[in-house]
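Inspection log for the structure reproduced underneath, given as structure tokens.
The values are calculated or read from the model by the stated rules, or taken from the named source; none is laboratory data. Keep in mind that what you see is a predicted model, and the values were worked out from it rather than measured. Here the Cβ positions follow ideal geometry from the backbone for every residue, glycine too, while neighbour counts run over all protein chains shown.
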Amino acid sequence: MVSEGESNLICVIQQLDEKSAKRHLLDLCLIDREAFGVNAWTEENLLLPLADKFLLSRVALCDGRVSGYVIASRYGSGQAHIHRVVVSGAFRRQGIVTRLLTSLENACSRMGVSELTLESADDRRAANCFYERMKFTRLSGESLAKYLNDRGKVPRAHEYSGSSSQGHIHVYGKMLTY
């Protein structure tokens with residue numbers, strides 16, 4: 001049995017540029033559907049052009065198979081946002097998400113990005129605990145208000161924990177130091 005963080009798989013993390021996104025599109029959609037069901041992204045979502053998306057995003061290939069990915073893009077000055085991070089069930093608990101995020105952080109460093117953000121539903125407890133282990137902190141108060149304002153989400157502020165007692169979306173941020 002393989003313990004968490006260890007693997008006998010040969011796993012490579014690569015940039016998910018536009019060409020490789022198109023080449024792996026079916027696998028990316030299948031992994032997303034497995035993870036998010038009715039809330040899965042469409043092909044159009046995965047290929048949507050966003051600022052520096054195809055420079056920041058990463059794909060994990062384990063034994064030649066797509067096993068996971070992270071989709072991120074830039075916004076603001078020195079900021080990037082993680083839109084999606086997913087690993088196929090068959091490859092979970094093998095350190096792949098850690099490697100994807102580390103590769104993303106390294107790309108951010110090369111591009112002068114100093115802050116990463118992401119959103120996660122409050123019912124995704126295991127994922128939220130993982131983000132906190134990866135040194136992401138939940139935004140609240142003024143930092144959450146700034147995030148919502150910068151992202152044009154003020155009209156939906158009631159959906160965000162830390163902004164409303166009914167909120168069901170957590171916003172996490174991480175300052176990157178190099």
message: Here's a check for you: in the stretch 7-33, which residue that is at pLDDT below 95 and either of a type in the set (D, E) or part of a loop (DSSP other than H, G, I, E, B) (or both) is farthest from the chain's Cα centre (by Cα)?
response: N8
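Can you say whether R58 is of a type in the set (K, R) and in contact (Cβ under 8 Å) with a residue 12 or more places away in the chain, as far as the supplied structure shows?
Working: of a type in the set (K, R): yes; in contact (Cβ under 8 Å) with a residue 12 or more places away in the chain: yes.
Yes; evaluated as a whole, the condition is true for this residue.
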- prompt: How about the stretch 139-154: which of its residues are closer than 19 Å to S114 by Cβ and either outside any helix (DSSP H, G or I) or outside the structural domain of S120 (by TED's automatic domain parsing) (or both)?
  reply: L139, R151
field: Restricting the stretch 125-146 to residues that are surrounded by 11 or more Cβ atoms within 10 Å (Cβ to Cβ) and of a type in the set (G, A, S), the residue that is nearest to the chain's Cα centre (by Cα)
entry: A127
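Can we say L100 is aliphatic (A, V, I, L, M) and part of a loop (DSSP other than H, G, I, E, B)?
Values: aliphatic (A, V, I, L, M): yes; part of a loop (DSSP other than H, G, I, E, B): no.
When the stated conditions are applied, L100 does not pass them.
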- request: Among residues belonging to the stretch 147-173 that are closer than 23 Å to S109 by Cα and free of Cβ contacts under 8 Å to residues at least 60 places away in the same chain, point out the one that is farthest from the chain's Cα centre (by Cα).
  value: Y147
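Going by the conditions given, is V86 in a strand (DSSP E or B), in contact with a helix residue (DSSP H, G or I) (Cβ under 6 Å, 6 or more places away or on another chain) and either of a type in the set (D, E, K, R) or closer than 19 Å to C29 by Cα (or both)?
Values: in a strand (DSSP E or B): yes; in contact with a helix residue (DSSP H, G or I) (Cβ under 6 Å, 6 or more places away or on another chain): yes; either of a type in the set (D, E, K, R) or closer than 19 Å to C29 by Cα (or both): yes.
Yes, satisfied.
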